[in-house]
Structure formats: structure tokens, C-alpha cells
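The values are calculated or read from the model by the stated rules, or taken from the named source; none is laboratory data. Note that the coordinates shown come from a computational prediction; the quantities given were computed from them, not determined experimentally. Just so you know, the surface numbers come from the protein's heavy atoms only, side chains and all, with ligands and any DNA or RNA stripped out. Shrake-Rupley method; radii C 1.70, N 1.55, O 1.52, S 1.80 Å.
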Amino acid sequence: MATSSLMISATASKIDANSQAATEACYHCGSPIPPGIELSLYIDGRERAMCCPGCRAVAQLICNKGLDQFYQQRTTYNEKPEEDHAGNVDDYRIYDDDEVLQTFSEVDTTGARVAYFLLGGISCAACTWLIERSLTRLPGVISANVNLQHSKLSVRYQPKHISVSEIFAEVNALGYRARPFQQRAQREQLAQDSRSELRRLGVAGLGMMQVGMFAIALHAGDIQGIESSHQGLLRWVSLLVASFVVIYASRPFFISAWRHLIRRTLVMDLPVSLAIGMAWLASIWATVTGSGQVYFDSVVMFTFFLLLGRFLERRARHLQDANWWQAQDALPDAVSVQREDSWVAIPRMQVNVGDRILVPAGATVPIDACVTAGESAVREDAFNGEYQPRTVVEGDTVFAGTINVENSLQARVVCTYRDSRLAELQRSVDRGQAQKPALARLADRVASWFIAAILLISIATWLVWHQLAPEQAFWIMLSVLVISCPCALALATPAALASAAGALRRNGIIIRSEDALESLSRSKHLIFDKTGTLTSAELVIDSVVTLDTFSEQQVLEIAAALQAHSRHPVSGAFNNLRMAKGMDQVSYHVGAGLQGELSGQTYRIGSESFCRTIALSLPYAPSTELYWVALCRVEKPLAWIGLRDRVRPEATSTVQQAMADGFCVELLTGDSSNNGALMAQELGLSHYACGLRPEQKMTHVETLQESGLVVTMVGDGLNDAPVLSLADVSFAVAGAADLASAQADFVLLRDDLNLICVAYKKARQCRRVMLQNISWALGYNICAIPLAAMGFVPPWLAAVGMSASSLLVVLNSLRLSRVSAETQWRPGHG
């Protein structure tokens, strides 16, 4: 900590000294001060010269906020602010518009709004500190966090107390550039970064070839003899090429190492920077003095292989993001919307909830909508990877990003794009990627200690070899630094998690928290809710007990004719039945049933008390555990119709597979009837509890957790949300309530409980791969470091081995992205 403080002070002093030595340099941005400009500000006890009113205004604002210690913490000059830096709130009023604001913000569960900004002009950790401190002092701002690596600012605030335009103005007033963080802006930034990485990789590759040729000539000259003038020329040319590679291509390593070092954090770029910098400086010294060996070829080769490994790793990591971008790019920019009696094309972002839209055959559905006219099929592989289209008719919902493959459809918009299924899935992915699972956090801690150990081992190696062979001590220490770089260890968990999450998404499973993958792999206690989870939440007719001369067919036709006038869940059981003709004057009695007229007779269907008022002789309902509705006419009971909740067709196979995987499977239900016991018996479950309130379910889960069990919960309803949040791992089935889905770690996109077993197998495989990666990374270093310390590995070979180790970890992780026949979704299972 003391060392870091000295470095910060030294850097600040250096900037300060530079500004004083060159009286024409601006204290804020370092630019030359134009002739005739006499602007200054009293900072840190001294007058500081400024080059323009913009720099002076920004510096004045920083000092007025009591944040002038920023200038002692910064490691480089600030970017010169634009002329209109003042941050006029009116310039950003457009972002206060709800429609625009929703494109780069969201409302969290507490009612606060979280806005995301893409920042320009940030250069170091001090910029992060300044922005966060300044924003959190604004009334209404709850928190502000800057991701320096991605130049991303997230601000959580109360809209009642501050507007987003005021936040824009504040950031701009500090001398930074803020714009809404959107996928397109992020993609542009990533594309720019990719081009920059390719340029650095290309420079390192060309430099490696050029310096390599000179190195061959130098080594051949050492063997066969070479004039000193020719040797010196080759060394100086190698110095120029290698220096350009180090200064340009290796620059990100030095910047990253320095930024983390001043924040008292050890990262893998520190030994990398030390290895490159020390080898380069030592070779320069050998060139200038004309003594010793030069290793410019090792420097550029090490840089090239390290850049290549990181470039390939990033490409693999961003592959999953590209799939979402393609789905968003496929959305049409213009949508045909009905206006009076004609169809008018308007921008997609201007479509409102309730608008009637036209989706032509072959077109991509622009927004989530309910079909109002037409019959077609939509391909939903954007969500689940399944190319078999789903048939849709009037009343079905189609989702943004899916493709209408057969006939034109008319549909009513049910939500904005911000609330669409595609947007929600992307937010779920983002939330999952923002969290690190326990195994990943462990790897980070191991990496930090590992780097510290490597630095000590390298110093010890140099001390030993300095006694044995001083001319080799530096290069052997260099090999130790290079070969021990823990890149593979740092990639061990992120690469595996990204690949596993991508495979599960293609199977129709969204991960909200990748930490849940690690927990699921250790879970051996699986709890199901009953209604809507193990059952389809749709009643079906189980039996009919006739009480008169009417046949069962006649009873069902009369019942279907009455139920056709109701939207009660009970009516769904009669939807596909033939109806008696002539039923009219049907009226619905809330909480009781329906009454209608047929051939001059009054009929009723519903509860026992409702029917008994016109048919006093109605017997009591049968005692079997079904949901019974009575059918009667005046003075004549006709039948009891028994309904039951249909068990999902795949429920039995899911429970059996879970048991085969070693789970203790349990059923918890709020149903106080005997239906829960009957279902448990049907599914072969010996552990079940009925008639439980939500708080009782939570108590039961807590008891299991206190005994050391890792509990997985599966549910669907609003009442399941608390216990889903409490469980170590939670699943929300397809069609679950929004609150339940929001609390779940996994969300099933398809109506198939077998996906739970698919997720478990993938979680187990992911854990194995992560452990393999970590074992390989540690094993490689344990074996390679002694060899390097004994002088058996030259620096260039150390660079090859380190890069190959990282690539092996990435390739091993990519195995998780495969969707095997065992885990592939099968038509008919949802």
C-alpha cells in the first residue's frame, strides 16, 4: 500500500513538475497555452495555468465540489473539454422523454431507475473516482459505478428527485463525454476495439518476422563470425522494429498493469509487462554498449503470441453476443400499422401498445403481439435453437425476433420492445454475465496470490543464477516471468461459463445468475410446486356420474353449451366438446355457475349450492378427490362432472430422471385436498406436503438448508416467488408469473420439465470443465516454472507455452457449447 501511494505521488508530482517546467502547459489537459491567454486557478496551494476557459471551468467545478485531490491521483492529463463543455441541462432534455429514456435505462424492483451511459475521455482510475464521487453527491442519485474497461457508467437514481438530463449535464461539466449506452453503441465500441487489436496483432506479427530474420543472421554470425559493424547494424535495426512493437502493440499490457498497481491489485498483466519491459531495456543496453546478447526476437515473439491468444479468447467470448445482435438486427425498422382503414408504415420505435400491426409472410415479427386475424407458423430458433415452426392462430402470442414463415398475420401489440421477451432475455443474459460464481471468485483470489508468488520466485531465480552464471541470470528470470503468466488460470472459469450458458440458451433455458450453475451442480434436493408446475394448470374431464336418463354424451353437450359463455378456468375443460344447439339467455353468476335456457327448460351448471336451489333432490358429490361441478334443470339433477388438473406429460419422466441423477425429489403444494397425495403417488414420490402457505414452504426450505443441503426449487406462480428467491437454485417454468420469473435463477422458455435435467447435466459438465481448466492451468505452471528456473526454457519458447496453455483452456471450454443428442430438445416435449 505504501509503495502504491509513493507511485501515485510520484506520478502526480511528475505531471505537476512537467506543467511547471513548461510554463506554456495547461495544468488540466497538458496542452500548450496559446499566446496572450492568461488563465489560472488556485489548486493545491499554487496557481495553475489553464489553456482555455473550458479547462478552467472544469477544474473550477472539480475544486468547488471538494474533489481537487483528483489531480494528485490521476496518472495522465485529462482530455481537453469541448467548447460547449458547460453542461447545459437543456441540451439533454431529449433524453428525459420516456420513449427515449427506456432505450438505455430500466426500473428495478425498488422503483428506482438505472440508466446506462457510454463514456468518452476517461483514462485512468482517478477518472472513475471523480465521476462516481461527483454523481453520488447529487440529490436523488443512489449510486454510480464506472466500468473502466468498458467505459460504461451505470447510475441508479430516483426520477422524482433528479432527471437523466441533469446527470448528462453533470458528466459533461466534468469534461467527459456521455451518451446513452445501447447495444449499437456497444457494438461500435467492440468493433473499434477489435480493429485496434487486429492492428496491434498485425504489427507484432510483422515485427516478429523482421526481427526474427535479423536474429537468425546474428546467431549465424556468432557461430561463423561477423564483423562488428554488421552486427551493430543488425542490432540497431532490430531495436527500432522491436521498440515500435513494444510501444504500440504491447501498450495495453503496461496500461492495465499500471492502473491495477496504483489501486493495489495484482493482475496477470504485471508479470507480462515486467517480462516485456525488462527484456526490451536489457537488449537496448546491450545494443548501446555493444556487449552481451540481445533478445529483441523473444520480446516481439512473446508479444505476438500473447496478443494472438487474447484475441482468439475474446472472439470466442463475444460469439454469444453476436447471436443476440443478429436477432436484434433482423427486427424491421418500419412496421405496418393500421390507421383507420389503411396500413401505414411507421418506425418500429413509435409503435404503441394496442396498435394493430401487419406481419407479412417471411417477415420478422417486430414486437410482441397477440394474433387477431390469420393462421400461420413462426420459427422461434432465435430463442431456443429449434427450427421446427410453431403453429399460431387467433389468440396466440408471437414474439419479437421470431419469423413468420407461412401466411400474413394481423396482431395487436401487447408491450413495448423494452418489455418484450427478446429484450428481457438479453437483460437476463447481461445480469448473469455481470455476476461471478463462487468458483470464478476463487480463481481470481488464487490468481492474485499466484502472481505475488511468481514475482518472489522470479527474484529468487535471479539471485541464485546471479551466483552461478551472472550472464544468464536475467534471461532465466525472464523465462520464469513469461512462462508463469496465469492467463490460463484467469480464463479457466469465464470461458467455461460463457460456453455453458450459450448451450443452455439454445436448449431453451435462460440463466439469470451464472453462480447458479455451480450451485446446481452440487444440488441433490429437488422440490416441485404442484399446480402449474407439475400440472398444466388446465382442468380436464376425468369422469361423469349421470343422475337421470340423460346419457353421458347429452350431459357433456349441454355442459359445453353453457360453459362456452364463460372465461372461468373450469370452462377450458369443455372447449373441445360438441355443444347442444339452441342454448340462449345464458347468464353468469359470480362464484356460483351459469344458467341458460334450452328448449324452454332452465339449466344450471356450477357449485352444489347453486344447483340445489332449483333441484332440491341433488345428491352430494362423489367422495373421490376430484373437482366436481353439478348439472341440473328445474327439479331434476342431471349429473356430476368430475374434473382434475392434468399432469404434464413429461412430469413422470422428469421425476424419474432426477431420481436417477441422485436427487431427493419432493412435492410441496398449497392444495389442501388429497390431490397432492394422489399426484405424489402417481409420480412415485415418497416425500410430499400439502396445504402449505408460502411462508411454510420457506420454513421447510430453510430447514433443509440449515442441515447442509443445496436446495433446488421449481415453481410458477406469484406465491412461489418468495421460496424461489430463498432456494439455492430456482427454476421458473414456461409461462410462469413475471414475479416468479424475476426471482428464478433459470427460466424455461419451453413447456418441458425435462429441461431441468438438461440444465443439471450441463451444470455438472461445466463444473468438470472448470476444474479441468483450473487443474491444467495450475499443473502447467507447477511443471513449467521449475524447468524455466533451471534454464531449460528460453524466453521465446516460454511465450509459446504460455499462449498455448491459454488456447487449450479456451478450446476445452468450447466443448460445453455443443448441444449433444442427449440434451437436444425433442419435438413433442413442450
Review point. Can you tell me the accessible area per residue over the stretch 748-788, all protein chains present, probe 1.4 angstrom, in square angstrom?
Key: 36 Å²
Review point. When all alpha-carbon pairs of the stretch 562-676 are counted, what percent fall beyond 16 Å?
Key: 68 percent
**Study point:** Rounded accessible area of Arg251 (nearest 10 Å², 1.4 Å probe)
**Key:** 130 Å²
Check your understanding: So who's got an amide H within less than 5 Å of the one on Leu643, skipping anything under 5 residues away but keeping other chains? H placed 1.01 Å off N, in plane.
Key -> Asp542, Tyr627, Trp628, Val629
Check your understanding: Roughly how many Å² is the accessible area per residue of the stretch 587-727, as a whole number, for a 1.4 Å probe?
Key -> 45 Å²
Revision key, fill the gap. In order over the stretch 778-787: 3J(HN,Hα) from phi, Karplus 6.51/-1.76/1.60, θ = phi - 60°, whole Hz, x for each Gly or Pro, gives 6, x, 4, 5, 4, 7, 7, 4, x, 5
Review point. With all protein chains present and a 1.4 Å probe, how do Tyr42, Tyr588 order by accessible area, largest first?
Key: Tyr42, Tyr588
Review point. Check Ser376: other-chain or 5+ apart residues with amide H under 5 Å from its amide H, H built from backbone geometry?
Key: Val392
**Study point:** Sequence of Glu340, Glu538, Glu166 when ordered by accessible area, the most exposed leading, probe 1.4 angstrom
**Key:** Glu340, Glu538, Glu166
